[in-house]
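Notes follow once the structure below has been shown.
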Amino acid sequence: MMRLLAPLAIAVTLVAAAPATDWSQVVRPTAKGAYVFGNPAAPVKLIEYGSYTCSHCADFANESAAVLKGQMVKSGKLSLEYRHLIRDSADLGAAILARCAGPRGFAAAHAMIFATQKTWLDKIVAYQQAHPAIDQQPLVAQARTYADASGLVAAMRARGLTPAAVKACFADKAAIDRITAMTGDAPIEVRSTPTFYLNGELQPPSTWAQLEPVLRAKGAK
């Protein structure tokens, strides 16, 4: 009997030692172009309508990152779907760049854009003041100009995007239409950023400190 039990014990040990999936490394696009961080079968589903030029969105992203993505998404208990709510041409330029490397590069670009928001937004304000006629350009042309002037293009190139890839992303009308369509398709009650839906239910305007206990009560951890 001892000879029969020993291999079984080894097999059980190997199964127990198998690493859990790190869902924070999984990013998938939806049919309408949003990006979902984490386990698509997560029991807790959070949708965020956000804008890269929104200071409250940056505060939420930076304050929540360690727990929301570092724990709740990583564990597979919660998925986060990010939908763009485009407020201006600078926001559009940032969104185009965030998505330029596809799902695999989105998480890092998204985090970087929010983490450095004040720096690149200050550069855009200065550019606007020095070049007031930019408002007369087409929306996508403005977006590209602001992306360059803000330093976001340089930051993305430092992350591996080539000049040709950046040019192609700003020329991809179908991809840009998917970004702007998210704004047009947003429910009528989405009037500000960030706006959150938790398991399909609209949440009151919330900071991370206010939303975290609500997520935990639903089972996110």
* Asked: Taking the condition part of a helix (DSSP H, G or I), without any contact (Cβ under 8 Å) to a residue 60 or more places away in the chain and hydrophobic (A, V, I, L, M, F, W, C), does Ile124 pass?
  -> yes
* With respect to the numbered conditions (1) farther than 28 Å from Ala174 by Cα; (2) crowded, with 18+ Cβ neighbours inside 10 Å; (3) of a type in the set (A, V, I, L, M, F, W, C); (4) under 13 Å from the mean Cα position of the chain (by Cα), which one is the sole condition not fulfilled by Ala65? -> (2)
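Given the residues Ala95, Ala101, Ala108, which is the only one that is in contact (Cβ under 8 Å) with a residue 12 or more places away in the chain, in contact with a His (Cβ under 7 Å, 6 or more places away or on another chain) and under 24 Å from Gly151 (Cα atoms)? Spell out how you get there, then give the answer.
Numbers: Ala101 fails: in contact with a His (Cβ under 7 Å, 6 or more places away or on another chain); Ala108 fails: in contact with a His (Cβ under 7 Å, 6 or more places away or on another chain).
Just one listed residue meets the conditions, Ala95.
One line per residue, one yes/no per condition, for (1) in contact (Cβ under 8 Å) with a residue 12 or more places away in the chain; (2) over 23 Å from Ala31 (Cα atoms); (3) surrounded by fewer than 15 Cβ atoms within 10 Å (Cβ to Cβ):
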{"position": "Gln142", "(1), (2), (3)": "yes, yes, no"}
{"position": "Arg159", "(1), (2), (3)": "yes, yes, yes"}
{"position": "Cys169", "(1), (2), (3)": "yes, no, no"}
{"position": "Thr183", "(1), (2), (3)": "yes, no, no"}
{"position": "Thr195", "(1), (2), (3)": "yes, no, no"}
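Bear in mind these aren't lab numbers, they're just calculated from the coordinates by the rules spelled out. Model, not experiment: these values are computed from the prediction. Glycine also receives a Cβ, built like all others from the backbone with ideal geometry; neighbour counts cover every protein chain displayed.
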